[in-house]
Amino acid sequence: MVYRISSSLGFRNRRFLSQKLFYNFQQNDIIYTFTKKGAEPKINKVVVGIAGMPGSGKGVFRRFFMRMGYPVVTMGDQVRAEVQRRNLEPTPENVGKVMLNLRELEGPAVVAKRCVPEINRLENETVGVDGIRSLVEVEEFKKHFPNFVLVAIHASPKTRYERLSRRNRSDDPQDWETFMERDLRELGVGVGAVISTADYMLINERSIGWFKDEIRQLLRRLSRKYE
């Protein structure tokens, strides 16, 4: 009997007898799934949406999530790719303008719609989506993935500005005025409504070690909910 291993790293820890199509075993927080070649099961994915203002800690959550074995689709990458396609410099102003222009041309759910095929291509049971900015995007994901969970990450403007100044990415604001302009642009798109209606809220004002412990506890709660 030929089996193929796939990193199906989901919350649900289904166990099947070996004569069935597949079975799981768990080791070090990773669930390995063996399937008969050509008999991949259809999976109703658990999609974990990650929302927060710039510098709140979405990147820390994303990297920790990936270390646990779960892939993450980053919505901002779709916008940055569009900036590159238009041969523009990836400045905060250009990224923001392209984000708004895409919504004007293709509707407010355009970035979410572009992410859906990428999520579906992943074999994993559990997938993260980083950078949700509007309730329209939330509804778009829920339409395709009934097991959608929204996690919001919050930190004060002062804390976020200090983090972004240290990060110094090409699209990060270089001064307080640019930072506030970006915040207002994000709020104008609808990220405030997303944060206020999230299923779970994490406050990220303390050390990175403390925040990782909070993430770990949340993932355990989700694991119990969807097992």
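The values are calculated or read from the model by the stated rules, or taken from the named source; none is laboratory data. Bear in mind that the values here come from a model prediction, so they are computed numbers and not experimental data. Note that we place each Cβ from the backbone using ideal geometry, even for glycine, and neighbour counts take in every protein chain shown.
Examine region 129-149 for a residue that is in contact with an Asp or Glu (Cβ under 6 Å, 6 or more places away or on another chain) and assigned by TED's automatic domain parsing to the domain that holds Tyr200, and state whether such a residue exists. Give the steps one after another, and end with the answer.
Pass one, region 129-149, residues in contact with an Asp or Glu (Cβ under 6 Å, 6 or more places away or on another chain): 149.
Subsequent filtering for residues that are assigned by TED's automatic domain parsing to the domain that holds Tyr200 retains 149.
Scanning region 129-149 turns up at least one residue that is in contact with an Asp or Glu (Cβ under 6 Å, 6 or more places away or on another chain) and assigned by TED's automatic domain parsing to the domain that holds Tyr200.
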Going through (1) assigned to a loop (DSSP other than H, G, I, E, B); (2) over 20 Å from the mean Cα position of the chain (by Cα); (3) not aromatic (Phe, Trp, Tyr) one by one, Asp172 fails only at (2)
Screening Ile153, Ile208, Ile215, Ile195 for residues that are out of contact with any strand residue (DSSP E or B) (no Cβ under 6 Å at 6 or more places or on another chain), within 17 Å of Gly131 (Cβ to Cβ) and not acidic (Asp, Glu) leaves only Ile215
State all residues of region 43-99 that are closer than 29 Å to Met180 by Cβ, touching an Asp or Glu at 6+ places or on another chain (Cβ under 7 Å) and either at pLDDT below 90 or in a helix (DSSP H, G or I) (or both); if no residue qualifies, say none. Lys58, Arg62, Met75, Pro90, Thr91, Pro92, Val95, Val98
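Considering only region 178-221, how many residues are in a strand (DSSP E or B) and out of contact with any His (no Cβ under 8 Å at 6 or more places or on another chain)?
Here is the first cut: in region 178-221, the residues in a strand (DSSP E or B) are 200-203.
Right, trim to out of contact with any His (no Cβ under 8 Å at 6 or more places or on another chain) and you get 200.
So the answer is 1.
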Selection from region 182-202 of residues that are closer than 13 Å to Pro157 by Cα, exposed (fewer than 15 other Cβ atoms within 10 Å of the Cβ) and either at pLDDT 95 or above or not aliphatic (A, V, I, L, M) (or both): none
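Among the listed residues Val138, Val116, Val98, Val127, which satisfies the condition of being of a type in the set (A, V, I, L, M) and more than 16 Å from Val48 (Cα to Cα)?
Working: Val138 fails: more than 16 Å from Val48 (Cα to Cα); Val116 fails: more than 16 Å from Val48 (Cα to Cα); Val127 fails: more than 16 Å from Val48 (Cα to Cα).
Going through Val138, Val116, Val98, Val127 in turn, the sole match is Val98.
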Pairs under 8 Å by beta carbon, first residue over 17 Å from Arg67 (Cβ atoms) in region 209-226, partner assigned to a helix (DSSP H, G or I), six or more apart or different chains? none
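Which of the following residues is surrounded by fewer than 18 Cβ atoms within 10 Å (Cβ to Cβ), within 16 Å of the chain's Cα centre (by Cα) and closer than 25 Å to Glu214 by Cβ: Val60, Val72? Before you say what the answer is, go through the steps one by one.
Working: Val72 fails: surrounded by fewer than 18 Cβ atoms within 10 Å (Cβ to Cβ).
The match here is Val60.
Just to be sure I understand, how many residues within region 108-146 are of a type in the set (Val, Ile, Thr), crowded, with 22+ Cβ neighbours inside 10 Å and not in a loop (DSSP other than H, G, I, E, B)? It would help to see each step written out before you state the result.
Going residue by residue through region 108-146, those that are of a type in the set (Val, Ile, Thr) are 110-111, 116, 119, 126-127, 129, 132, 136, 138.
Of the ones still in play, those that are also crowded, with 22+ Cβ neighbours inside 10 Å are 111, 126-127, 129, 132, 138.
Among the residues that remain, those that are also not in a loop (DSSP other than H, G, I, E, B) are: 111, 126-127, 129, 138.
Qualifying residue count, region 108-146: 5.
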Does Phe11 satisfy the condition of being crowded, with 17+ Cβ neighbours inside 10 Å and either touching a His at 6+ places or on another chain (Cβ under 8 Å) or modelled with pLDDT under 90 (or both)? yes
